[in-house]
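Below: one structure, written as structure tokens.
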Amino acid sequence: MRTLRLVIGYDGTDFAGWQSQPGRRTVQGILAEAFERLGDPGRCCRGSGRTDGGVHARGQVASVRTSIELPAQRLMMALRAHLPVDVDLHQLDDMPEDFDALRHTERKTYRYSIIHGGAMDVFTRRYHHQVPHILDPELMRKALEPMLGTHDFRAFETRWPNRQSSVRTIHRLDLGNCGPRIWFDIEANGFLYNMVRAIAGTLIDIGRGFRPITAIADAIKAGSRQLAGPTAPAKGLCLMSVVYPPPFEFVS
């Protein structure tokens, strides 16, 4: 038996999420089927996190234990031959036996992408939340600043409490814009259920002038979901990269 690290990208539009579910198409299920076709039935990849239905990934990381003995590069090509067009295996490496893609995750980065002001782009509509209102990116950028550092983010969690603790540390926040496109990147040591999408919904409300620039800071301080904005659609969200510490040091 060997332990592998897989770096995976996928268009989440037609998936019910990462985690295997009976009778539903999932990324984890597709990968398990690919291993089965190579003669290793019953294997299932453990991902760095469970993206929801409709959420995309450029740098999802998974670990898998397998008895297949093909060299890593040949195994990657063989698996690719059994993957659908909306899943790509970017990288495959042998890892120490105890590597666990979820347990050893140190930080993850998500990006949320928006097209605003009524602009339409049929080629990117599956990957952007299209907002009819004109948004102010500078207001949105300033509104993000209070999130940096360690806080209780229960105000941005769907159906709190879902975890033992809703305290997370945000290491980096960036907001960019170009024409009708706005996107923001958020890197943290972990995320709550729908946390990034709730932040996106709040930012959109701030950008259109529907909520004050202090809305995010106010919601964090009060710990109130009612003070934050709606949960933005899944299609604008993408898992960009995952960071691992030594001895598994790696950025997807």
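For the stretch 114-162, the set of residues classified as among the acidic types (Asp, Glu) and either closer than 18 Å to residue 210 by Cβ or within 19 Å of the chain's Cα centre (by Cα) (or both) consists of 136, 138, 157, listed by residue number. Assess whether residue 169 counts as being hydroxyl-bearing (Ser, Thr, Tyr), in contact (Cβ under 8 Å) with a residue 60 or more places away in the chain and surrounded by fewer than 16 Cβ atoms within 10 Å (Cβ to Cβ). For residue 169, the condition - hydroxyl-bearing (Ser, Thr, Tyr), in contact (Cβ under 8 Å) with a residue 60 or more places away in the chain and surrounded by fewer than 16 Cβ atoms within 10 Å (Cβ to Cβ) - is not met. If you go through the stretch 200-221 and keep only what is surrounded by fewer than 21 Cβ atoms within 10 Å (Cβ to Cβ) and under 16 Å from residue 168 (Cα atoms), you end up with 217, 220, 221.
With the requirement that a residue be among the polar types (S, T, N, Q) and buried (at least 18 other Cβ atoms within 10 Å of the Cβ), what does the stretch 104-133 give you?
105, 109, 113, 130
Tell me the residue from 159, 197 that is among the basic types (Lys, Arg) and surrounded by 22 or more Cβ atoms within 10 Å (Cβ to Cβ), please.
On the way: 159 fails: surrounded by 22 or more Cβ atoms within 10 Å (Cβ to Cβ).
After ruling out the rest, the residue left standing is 197.
Looking at the stretch 68-87, can you tell me whether even one residue there is touching a helix residue (DSSP H, G or I) at 6+ places or on another chain (Cβ under 7 Å) and either in the same structural domain as residue 181 (by TED's automatic domain parsing) or hydroxyl-bearing (Ser, Thr, Tyr) (or both)?
Our first condition is that a residue be touching a helix residue (DSSP H, G or I) at 6+ places or on another chain (Cβ under 7 Å); within the stretch 68-87, this holds for 68, 70, 79, 82-84, 86-87.
So of that shortlist, the ones also either in the same structural domain as residue 181 (by TED's automatic domain parsing) or hydroxyl-bearing (Ser, Thr, Tyr) (or both) come out as none.
Looking through the stretch 68-87, none of the residues is touching a helix residue (DSSP H, G or I) at 6+ places or on another chain (Cβ under 7 Å) and either in the same structural domain as residue 181 (by TED's automatic domain parsing) or hydroxyl-bearing (Ser, Thr, Tyr) (or both).
Please specify each residue of the stretch 22-34 satisfying the condition of being among the polar types (S, T, N, Q) and in a helix (DSSP H, G or I).
To start, the set of residues in the stretch 22-34 that are among the polar types (S, T, N, Q) comprises 26, 28.
Hit for the stretch 22-34 is 28, nothing else.
Filtering 82, 90 for residues that are closer than 29 Å to residue 192 by Cα and either touching a strand residue (DSSP E or B) at 6+ places or on another chain (Cβ under 9 Å) or not basic (Lys, Arg) (or both) leaves a single hit, 90. Output yes when any residue across the stretch 1-21 is among the hydroxyl-bearing types (Ser, Thr, Tyr) and either outside the structural domain of residue 74 (by TED's automatic domain parsing) or closer than 16 Å to residue 72 by Cβ (or both), and no when none is. Scanning the stretch 1-21, I find at least one residue that is among the hydroxyl-bearing types (Ser, Thr, Tyr) and either outside the structural domain of residue 74 (by TED's automatic domain parsing) or closer than 16 Å to residue 72 by Cβ (or both), so the answer is yes. Given the condition surrounded by 18 or more Cβ atoms within 10 Å (Cβ to Cβ), under 18 Å from residue 109 (Cα atoms) and touching a helix residue (DSSP H, G or I) at 6+ places or on another chain (Cβ under 6 Å), answer yes or no: does some residue in the stretch 226-234 qualify? Yes, the stretch 226-234 has at least one match. Could you say whether any residue in the stretch 35-52 is within 21 Å of residue 94 (Cβ to Cβ), buried (at least 19 other Cβ atoms within 10 Å of the Cβ), in the same structural domain as residue 98 (by TED's automatic domain parsing) and over 17 Å from the mean Cα position of the chain (by Cα)? Yes, the stretch 35-52 contains a residue that is within 21 Å of residue 94 (Cβ to Cβ), buried (at least 19 other Cβ atoms within 10 Å of the Cβ), in the same structural domain as residue 98 (by TED's automatic domain parsing) and over 17 Å from the mean Cα position of the chain (by Cα). From the list 250, 191, the lone residue that is crowded, with 19+ Cβ neighbours inside 10 Å and either over 16 Å from residue 151 (Cα atoms) or in contact with a helix residue (DSSP H, G or I) (Cβ under 6 Å, 6 or more places away or on another chain) (or both) is 250.
The set of residues in the stretch 1-34 being free of Cβ contacts under 8 Å to residues at least 40 places away in the same chain and on the phi < 0 side of the Ramachandran plot consists of 16, 19, 20, 21, 22, 24, 25, 26, 28, 29, 32.
The values are calculated or read from the model by the stated rules, or taken from the named source; none is laboratory data. Every value quoted in this text rests on a predicted model; they were computed, and no experiment measured them. With ideal geometry, Cβ positions are generated from the backbone for all residues, glycine too; neighbour counts draw on all protein chains shown.
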